Amino acid sequence: MTRQDAGPRTGPGLPTGHARATGARRRAAYPYAFYLPAGIVYVVIFLVPTVMAFYFSLTRWTLFDSEFVGLQNFRDFFAEQNLSIGFANTFVYAVLTSGLKVVLGLLLGVLLTSKLRLRGFLRSVVFFPVLVSTVAVGITFSVLLRPDTGLVNKTLALVGIDGPDWLGDATTALLSVALVDVWKGVGLATVIYIAGILSIPQEYHQAVAVDGGSAWHRFRHVTLPLSWPATYSVIILSFIGGLRSFDLIWTMTRGGPGFTSDTIASIIYKQYQAGFYGLSTAGNVILFVVVTAIAVPLTWFLGKRQVAA
Amino acid sequence: MKTSHRTLGAALAVLAMTALTSCGSGPEPASDGTVTLSFLVDNSQATVDTAKALADAFMRADPTIKIETETRPGGSEGDNIVKTRLSTGDMADVFWYNSGSLLQALNPAQSMLDLTGDPVLANVQESFLPVVSQDGKVYGVPAGTAMGGGILYNRKVYDKLGLRVPKSWAEFMANNDKIKASGVTPVIATFKDTWSSQLFVLGDYYNVQAAVPAFAQDYTANKAKFAATPAAMAGFEHLAELHAKGLLNEGFGSATVDQGMKMLVEGKGAHYAMLSAQLPPLVDTMPQAATDIGFFGIPGADPATNGATIWEPPGIYVAKTTEHAEAAKKFLAFVASPPAADAVNKVVAPPGPYRIDGAELPGDAIQAAKDLQAYIDAGDSAPALEFVSPVKGPSLEQITVAVGSGLTKPAEGAAQYDKDVEKQAKQLGLAGW
């Protein structure tokens, strides 16, 4: 079809073939002035600092002045003695927390979509920790996990178990923080699962019931596969959250004892605290690349499965 | 409709710009002729009390100048606040900050008022000036007193067990064994507050400089290393030994300094490697902290060269951006005068000697301060390494926690610290690294 075929223009107004004629360029929904405030905020607060960060990662920067040193900061960052611990811890933490959030979130989601009497109340209870500030959670659990006076070890003592110094012992520190992270984050995973499970049409359950399937069949062949979009969201959210995990670790162990619960984010923060601004910016650039390198393929892979399901 | 959209958009844009640009408005000048000075201090109880005593006494002496104190967090978080405010020109008129190596990172020549040769320094002891100087220019006056970094010990426990203050590490360990046998924790460690783990290394510097007098110069010039200097490595070895022999309190990994001080004052622990400045804030709630707790320098290998490591007082500095330089100098001149010391003595028990000529410890000074004064009077004291060298690695506290928890071998810890120091020196752009 050519332009001439569209017929004669009969007067002012939009030509009928306009949208197609201009190809991919669609008419903006609002005048450009309307985008300006958001655009300025985006440029000033996001784009400019991002570009500056890439520049400052190549400098030795004291806040007072900066000196261009090329890739020296990246070399120094990779030479950091505890970097391998940091990477391993970050990865363990991300896998552990997102894995537990998926399992517990799914189970709680199934429980809280059942016909329980106190369902509404229990849903609020599960979601409540999400609303509490992470720092407050960290401080509270630091007190609860104290070796001598903490509630956790006192409770364990009642059943005759001599609990360890959860946060002060190198073998349990990271694990303890990860479990607290799960406690705090599982509410969000549960809510996502509740939404996912509720969006499964009842017909599927009825179909399984008609075929004589048990509760396990309903879970295994209906709920589990059809809540895949929810699983996908939970994994992405908690895995990325785990990779850049910082606040809880910092309030509970500060990467300690020694360097045993350091993650990449806490290593970067300590460098920033030490006044190595260029070096810590280089670390952030590396963290950005690592998170992107893991999150993009993960999104692609999980998105593909979602379409298949 | 289109026009109103545009107008709305433009209005929003203007609003956003105003919001973004209106963040930095300066203080209004006072109308009645008085000058108001802002005074930034860290938020530890001892500092806040001292700063308030100084400000109150000064305002009584000079009613035309008003001092408004504001607080900031301590530690490296505070360092960053100070650096950020100095580099953005947003610093308070006068501010309280560490002397020694930390000051070097603030770029004083660019950010602070040069006080070299100024009459405000008239009463400041000559030997203090190097720790508030860079390239021969002086930038600050001493705030409060010096303090000791060594072992705080419970004198009641010592009396009960008939122990003597140890002059060597071997005597110290012998005391520890007796204390352990009596059921009291010999050495308190509080690794949750990681900074407290460094004392066995930093407080050992008197012994290091006694054995290797040129250590500070060589260390600054990248010639001496902790791992290659047996005297310097002793601190790391001590930490490891205390842990290996099971002399630390239970739950040392998650204990805090507050808990440690409480254990010490209550006599549940006998020794605590700490700064004497931790004691005065406790005197209010636990009066026995003033009398029961004594101080001795961390003992070294040789009983003949026993002494104590001193932490110099922090400084009070004037920001270059101040609009009230004259008033600020008046305040500094007051801070560095004996009447200021008297005013502080009334509020906070001094944890060590003043660095101001004519300012004496009061007769009812706390025991730890008297013990420290005795070391100084006998000439058996040396400033800590961070006051004689600009190089101090930022990760020492994590390394000493790892060594003190038995996670890292002492030699390995010392080598890690040497690498950490190298990173710092490179970032500071020091010559020879």
Residue tally, condition within 10 Å of B:His243 (Cβ to Cβ), of a type outside the set (A, V, I, L, M) and facing chain A (nearest Cβ under 8 Å), over segment B:390-411: 1
Helices (runs of 4 or more DSSP H) contained entirely in segment B:171-257, each with at least 2 residues that are of a type outside the set (A, V, I, L, M, F, W, C) and touching a strand residue (DSSP E or B) at 6+ places or on another chain (Cβ under 7 Å): B:205-211
Yes/no for A:Gly242 being buried (at least 18 other Cβ atoms within 10 Å of the Cβ), at pLDDT 90 or above and away from chain B (no Cβ under 14 Å): no
Test: residue in segment B:323-332 that is of a type outside the set (Gly, Ala, Ser) and assigned to a loop (DSSP other than H, G, I, E, B): yes
Residues of segment B:166-200 classified as β-branched (Val, Ile, Thr) and out of contact with any Phe, Trp or Tyr (no Cβ under 8 Å at 6 or more places or on another chain), total: 4
Leading residue by the ranking (surrounded by the fewest Cβ atoms within 10 Å (Cβ to Cβ)) among those in segment A:27-43 that are within 7 Å of another protein chain (Cβ to nearest Cβ) and among the aliphatic types (A, V, I, L, M): A:Val41
Any hit, segment B:336-358, residues being within 21 Å of B:Lys137 (Cβ to Cβ), of a type outside the set (Ser, Thr, Tyr) and in a helix (DSSP H, G or I): no
Out of B:Asn207, B:Asn222, sole residue that is under 25 Å from the mean Cα position of the chain (by Cα) and at positive phi: B:Asn222
Residue check, B:Ile356 within 10 Å of another protein chain (Cβ to nearest Cβ), of a type outside the set (Ser, Thr, Tyr) and crowded, with 16+ Cβ neighbours inside 10 Å: no
Residue list for segment B:379-394, filter: at pLDDT 90 or above and not acidic (Asp, Glu): B:Ser381, B:Ala382, B:Pro383, B:Ala384, B:Leu385, B:Phe387, B:Val388, B:Ser389
Helices (runs of 4 or more DSSP H) lying entirely in segment A:134-207 (those with 3 or more residues that are in contact with a Leu (Cβ under 9 Å, 6 or more places away or on another chain) and away from every other protein chain (no Cβ under 12 Å)): A:134-144, A:173-198
From the options A:Ala189, A:Ala170, A:Ala178, residue that is closer than 14 Å to A:Ile249 by Cα, hydrophobic (A, V, I, L, M, F, W, C) and at pLDDT 90 or above: A:Ala178
Residue in segment B:278-293 that is under 23 Å from A:Pro164 (Cα atoms), surrounded by 17 or more Cβ atoms within 10 Å (Cβ to Cβ) and among the charged types (D, E, K, R) present: no
Count - residues of segment A:44-64 that are loosely packed, with under 12 Cβ neighbours inside 10 Å and within 13 Å of chain B (Cβ to nearest Cβ): 2
Complete set of residues in segment B:104-115 that are touching a residue at least 40 places away in the same chain (Cβ under 8 Å) and more than 12 Å from chain A (Cβ to nearest Cβ): B:Leu113, B:Leu115
Number of positions in segment B:129-160 that are within 28 Å of B:Ala109 (Cβ to Cβ) and outside any strand (DSSP E or B): 10
Test: residue in segment B:244-265 that is more than 24 Å from the chain's Cα centre (by Cα) and over 15 Å from B:Gly404 (Cβ atoms): no
Among (1) more than 23 Å from the chain's Cα centre (by Cα); (2) crowded, with 21+ Cβ neighbours inside 10 Å, the one test that A:Gly213 misses: (2)
Residue check, A:Val291 surrounded by fewer than 18 Cβ atoms within 10 Å (Cβ to Cβ) and touching a Leu at 6+ places or on another chain (Cβ under 7 Å): yes
Tally, over segment B:92-124, of residues that are surrounded by 16 or more Cβ atoms within 10 Å (Cβ to Cβ), out of contact with any Gly (no Cβ under 7 Å at 6 or more places or on another chain) and not hydrophobic (A, V, I, L, M, F, W, C): 8
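Yes or no, residue by residue, for (1) of a type in the set (D, E, K, R); (2) outside the structural domain of B:Gly235 (by TED's automatic domain parsing); (3) crowded, with 18+ Cβ neighbours inside 10 Å:
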| position | (1), (2), (3) |
| --- | --- |
| B:Pro166 | no, no, yes |
| B:Glu171 | yes, no, no |
| B:Asn176 | no, no, yes |
| B:Ile179 | no, no, yes |
| B:Gly183 | no, no, no |
| B:Val187 | no, no, yes |
| B:Leu199 | no, no, yes |
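The values are calculated or read from the model by the stated rules, or taken from the named source; none is laboratory data. The structure displayed is predicted, hence computed values, not measured ones. A quick note on method: Cβ atoms are made from the backbone with ideal geometry, for glycine too, and the neighbour counts reach across all protein chains shown.
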